[in-house]
Amino acid sequence: MTMTASKPLALEAFKLDIDADGIAVVTIDLPGEKVNLLSEKLMSEMEPLMLRLTEEDVKAVVFISGKPEGFIAGADVKMLARVRTAEEGEALSKAGQDALNRIEDLTVPTVCAIHGAAMGGGLEFALACRYRIVTSDASTQLSLPEVQLGLIPGAGGTQRLPRLIGMEPAINMILNGSKIRADKARKMGLVHEVVPKELLRDRAVRAARQLARATADLGHIPIKPASAKRPARTLGALMLQATVPGRALMYNTALKTLKKKVGNHYPAPYMALASIYHSRGHSFEEGLALEAESFGKLTVSDVARQLQNIFFASTEMKSEPWRAKDGSVVKPHAVAKIGVLGGGLMGGGIATLSADKGYRIRVKDRDIASASKAAAYADKFFSEKVKKRHIRPYEKDMAMGLLSVTDQYTGFKTCDMVIEAVFEDMALKHKVLADVEAVTRPDCVFASNTSGLPITKIAEGSKHPETVVGMHYFSPVEKMPLLEVIVTEKTADWVTATALAVGRKQGKTCIVVGDGPGFYTTRALAAMMNETIRVFVEGASVEGIDQAMRDFGFPVGPMTLIDEVGFDVAKKVLVTMVEAFGHRFPVTDEAILLFESGRLGRKNGRGFYTYEGGKKGEVDLTVYDQMPYGRKRQDPSPKVIQDRLAYAFMNEAAMILEEGVLRSPRDGDIGAIFGLGFPPFLGGPFRHMDTIGIANVVNRLRDLKQSFSKSFEPAKLLVQMAEEGKTFYGGSN
């Protein structure tokens, strides 16, 4: 039916149309933004919008986005960054709560029509409506991811969601920041209908008309408010939620899981859990009050600030164009087909991820059986997506149809890019480079997935060194978010731009670094790993080292990481570092014995830990037998272990920046967090050094040098910054 506004609505974020039956369609279209955000402008216009809806003879209201993709992507994070006190943060939360309460308080049915992302404040907006319809499109996802920014849902989410779907699923959804797709959302009771994208508006208007008619007949809205609706659940779940002991058990179980998962580093999940728990046994208003108070405290916490810094940096990097030295924007070449050399773990991961994003893929290995491992890897990946209903079976077939394998170079002539993931051997890399150039166009980009070999040396084997670039993926490729793009002095700008474009389409956060042994990530990690081995040789226990660094904030301990990477790979990296940097990477005789003991870690079931059936077991005590102190281990204090390993990492990172391998502290922080697991709540190595104080960092490095090793000699850049009172992110200490 034709929609006509009765009179103009003098608002910028909303457009109002009312048809002859009194069905109002409110289109949310925040001006000047690619996506809708729960911003100050939107919230400030909510009251006049609600007043207008009550003035008109409206029978029902439909809320829908005016953006082509996405409903409301969440709260405006820039708005949050302007908060300076807990009181300001609490007031901001209350303003959001009040704005959405006005929607819930409307006396007519409200229908929320969602296509694309409804994240954070966007989902909270939807929860305030009586009826929710979402599209079946893969881009439609619902979540409350605030804990990932060090916050909690602050516009009623911790109160409405558990009242709607139950405490246990609400706890899981909020504490994990889970993205819920359409079908699952309907099963959870989170939404009422799932429709094709093309039918969303028509179905929402029809639903509003049906609800309005039923309301007129019954004298009340025939749907319980979002804050009271209960989907069907098992008797056990109902008993847990309905009784005080049951809720206490649910809370304590979640608390125990939280402590194991995040320790004491992240306050937001704990406050979110407390607020959700408060939703039972207390009034809705009391629950909102606790939510707002907690939100206010978190907005000014150091953890939230650091996590938001990471968010801003990574968001900026996703769309940042590559620029030539003169500042001009460089356009990437189009890439439709990618050749992948190597069907193993890395090659299979790269091929699978690329096919998932729509690239045509040709995988080559020494024989069909080896190349076919990549196809098997892809089949398992896409089958899992089908099982989770993220894609349909025909979509899996389409993706698999993009991938083919060979033991020859047939099919490589039409490749726009070739990514090699062969063994870390320079002679082998030169051979495959020559083979590729013999069958591809001169403008085909050749990317090496090496983790440490200098790209300049690899490019020496090329007829077109300007087309050679490094693309260092992290394992497992489909899960790890970082891509390190390595450029040489001869790499053409269009090649760099093309590598960035491919990486971003693959869903990666990309940093561009200069060439050199280990580049940035491998070199900084190698410094920490080398110090790890030194601490171990000096008598520290395997579990003592791992526990100290987990307590510091790393997701896994360094001993476990060496087992995962493999002793052979760790040895090769350290040899490369020793050859390049000499005394700064001192390797003891005991370390050499360790690396030549036949242990490979998880690969052969012999490492610092035992492995049974692929599962990690206890410490392998025999690993101590060749060490000076044998099995008589004596751990230094956790603080000493943490300082030795973390300062080795940070000092090396500063040297890498000093040498120009890193372009900026921002790239260094993103690379360390997304690629190496550096604790996000610390903001990355450079922000962490700013927090400590550069002069304090230098003094501590000098103490460590005197006590343990010359390798702790402070980077010249740090010494200079300390003398000048500078910081990495501006300002002064």
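The values are calculated or read from the model by the stated rules, or taken from the named source; none is laboratory data. Please read these numbers as outputs of a predicted model, since none were measured by experiment. A quick note on method: Cβ atoms are made from the backbone with ideal geometry, for glycine too, and the neighbour counts reach across all protein chains shown. All accessible areas refer to the heavy atoms of the entire protein, side chains included, with ligands and DNA or RNA removed. Shrake-Rupley method; radii C 1.70, N 1.55, O 1.52, S 1.80 Å.
Numbers for the structure displayed
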item	result
Electrostatic dipole magnitude of the range 561-623 [Cβ: Lys, Arg +1; Asp, Glu -1; Cα centre; debye, to 20]	220
Gained length - residue 639 relative to residue 139, 0.36 nm times residue gap less alpha-carbon distance	175.5 nm
Point-to-point label distance, residue 47-residue 77, nm (Cα→Cβ direction, 7 Å offset)	3.0
Cysteines without a disulfide-compatible partner [the chain; Cβ-Cβ under 4.7 Å]	415, 444, 510
Over 22 Å between alpha carbons, listed pairs 364/413; 179/505; 479/572; 572/705; 357/380; 67/187	479/572; 572/705; 67/187
Accessible area per residue in Å² at 1.4 Å probe, computed on the chain	42
Relative contact order for the range 313-380, counting Cα pairs under 8 Å that sit 6 or more residues apart, in percent	29
Unit charges on C-beta of K, R, D, E only; dipole of the range 62-181, Debye	180
Heavy-atom accessible area order for 325, 67, 490, largest first, 1.4 Å probe	325, 490, 67
Two-site label geometry, residue 705 and residue 282: point separation in nm, points 7 Å out along Cα→Cβ	5.3
Shape category assigned to the range 435-549 from the gyration tensor of Cα positions, a/c cut at 1.5	prolate
Sorted peptide list for 494-505, 202-213, 395-406, criterion being average Cβ within 10 angstrom, highest first	494-505, 202-213, 395-406
Percentage relative contact order, the range 524-638, counting C-alpha pairs under 8 Å, at least six apart	32
Rounded percent of accessible protein surface that carbon and sulfur make up, the chain, 1.4 Å probe	54
Contour excess over end-to-end distance, with Cα ends at residue 592 and residue 366 and 0.36 nm allotted per residue	78.1 nm
Separation in nanometres of the label points that stand 7 Å from Cα toward Cβ, at residue 428 and residue 218	6.8
Overall form of the range 633-703 per C-alpha gyration tensor (a/c, 1.5; a/b vs b/c)	prolate
Gain on full stretching of the segment that runs from residue 394 to residue 328 - 0.36 nm per residue minus C-alpha separation	19.5 nm
FRET E, pair residue 441, residue 54, Förster distance 51 Å, beta-carbon r, rounded to 0.05	0.20
Of 456, 344, 108, farthest towards positive along the dipole that unit charges on Lys, Arg, Asp, Glu beta carbons give the chain	108
Selected from 648, 714, 283, residue furthest toward positive end of dipole (the chain; charges at beta carbon)	283
Theoretical ellipticity at 222 nm over the chain - DSSP helices of four or more residues, -39500 (n - 2.57) apiece, nearest 500	-15000 deg cm²/dmol
Overall form of the range 663-733 per C-alpha gyration tensor (a/c, 1.5; a/b vs b/c)	oblate
Average Cα contact separation per residue, the chain, under 8 Å, 6 or more apart, as relative contact order %	9
Fraction of beta bridges assigned by DSSP in the chain that are antiparallel (%, nearest 5)	30
Relative packing of 20-28, 645-653, which averages over residues the other C-beta atoms within 10 Å, highest first	645-653, 20-28
Residues of type aspartates and glutamates that residue 331 reaches as a straight line, Cα spacing below 20 Å, ignoring anything fewer than 8 places off in the same chain	316, 320, 416, 443, 466, 484, 489, 493
Amide N proximity, the range 29-54 versus residue 91 label position 7 Å along Cα-to-Cβ, cut-off under 16 Å	40-41, 44
Cα-centred dipole magnitude for the chain, charges only on beta-carbon of K, R (+1) and D, E (-1), debye, nearest 20	1660
